[in-house]
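These notes concern the structure reproduced below.
What follows is calculated from the coordinates using simple rules that are stated; it is not laboratory data. Worth saying up front: this structure is predicted, and the values here are computed from it rather than measured. All Cβ positions, even for glycine, are placed from backbone atoms using ideal geometry, and neighbour counts span all protein chains on display.
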Amino acid sequence: MLRYNRDYEEDFGSCIQLIMRMSGGKKITLKCSSCSKQNIFYECEVDESFKAYFVVELWKRTKKAMQCGECLGVCDYFEIFPQERGLEEQLDAERKRKQAEVETQRKLNEEREKRLKEQAAQEQREKDRRRREMEVDDELAKLKRNMRTGMP
Ligand SMILES: [Zn+2]
């Protein structure tokens, strides 16, 4: 039976594990490899995060585990329920596929917004150009009038 290290230090940070028992989770009686007794194991979730110098959280993941009710030793959930591994992988693949879909949609929206902005800027430039042309025309007309009347 595999036991997780509670906390382990690396050269540039440390891994922190938070173990939470699931309410209404699975229960199973097993011989515990840590305390060598027949105990009830409870389903729990292990949140693992890796923090560099306890400041920046670099990664976080949650995994299922079973915890001994006596010594609180933790073992891998899928070692005890290997038949559920396939289901979990399937759910995981589904989650990843949905995430990718959302990401693709987000990128499409971003590109569309960028195109609209570029279009608006182009229209503004065109408007400015026309206004300048009209100003030049007005200026010329004024000059012609002044030449005819001899007035400045
Ligand atoms: Zn135990």
> Which residue, chosen from 87, 99, 121, occupies the Cα position most advanced towards the positive end of the dipole of the stretch 82-152, where the dipole is computed from +1 (Lys, Arg) and -1 (Asp, Glu) charges on Cβ about the Cα centre?
Replying inline: 121
>> Apply the Karplus curve 6.51 cos²θ - 1.76 cosθ + 1.60, θ = phi - 60°, to the phi angles in the stretch 93-101 and return the couplings in whole Hz, x for Gly and Pro.
In response: 4, 4, 4, 5, 5, 5, 4, 5, 4
> At a Förster radius of 35 Å, what calculated FRET efficiency corresponds to the Cβ-Cβ distance of residue 31 and residue 109, to the nearest 0.05?
Replying inline: 0.05
> Can you run phi through the Karplus equation (6.51, -1.76, 1.60; θ = phi - 60°) for the stretch 35-49 and list ³J(HN,Hα) in whole Hz, with x for Gly and Pro?
Replying inline: 9, 6, 10, 7, 10, 7, 9, 10, 5, 9, 10, 10, 8, 10, 9
> What do you get for Rg/Rh of the stretch 62-152 when both radii come from the Cα atoms and Rh is the Kirkwood radius?
Replying inline: 1.72
> Pairs 27/98; 37/64; 117/142; 31/96: which are spaced more than 29 Å apart, C-alpha to C-alpha?
Replying inline: 27/98; 117/142; 31/96
> For the stretch 7-80, with the dipole built from +1 on Lys and Arg beta-carbon atoms and -1 on Asp and Glu ones, taken about the Cα centre, which of 40, 20, 78 lies farthest toward the positive end?
Replying inline: 40
> With a ≥ b ≥ c the root eigenvalues of the C-alpha gyration tensor of the stretch 42-101, is it rounded (a/c under 1.5), prolate (a/b larger than b/c) or oblate?
Replying inline: oblate
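Per 0.36 nm of contour for each residue apart, how much would the distance between residue 129 and residue 71 grow if the chain were fully extended, relative to their Cα-Cα spacing?
Stretched out fully, the residue 129 to residue 71 stretch lengthens by 12.9 nm.
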> Taking θ as phi - 60°, what are the ³J(HN,Hα) couplings along the stretch 115-123 by the Karplus curve (6.51, -1.76, 1.60), each to the nearest whole Hz, with x for Gly and Pro?
Replying inline: 4, 4, 5, 4, 4, 4, 5, 4, 5
>> Along the Cα→Cβ direction, 7 angstrom out, place labels at residue 17 and residue 89. What is the inter-label distance in nm?
In response: 2.3
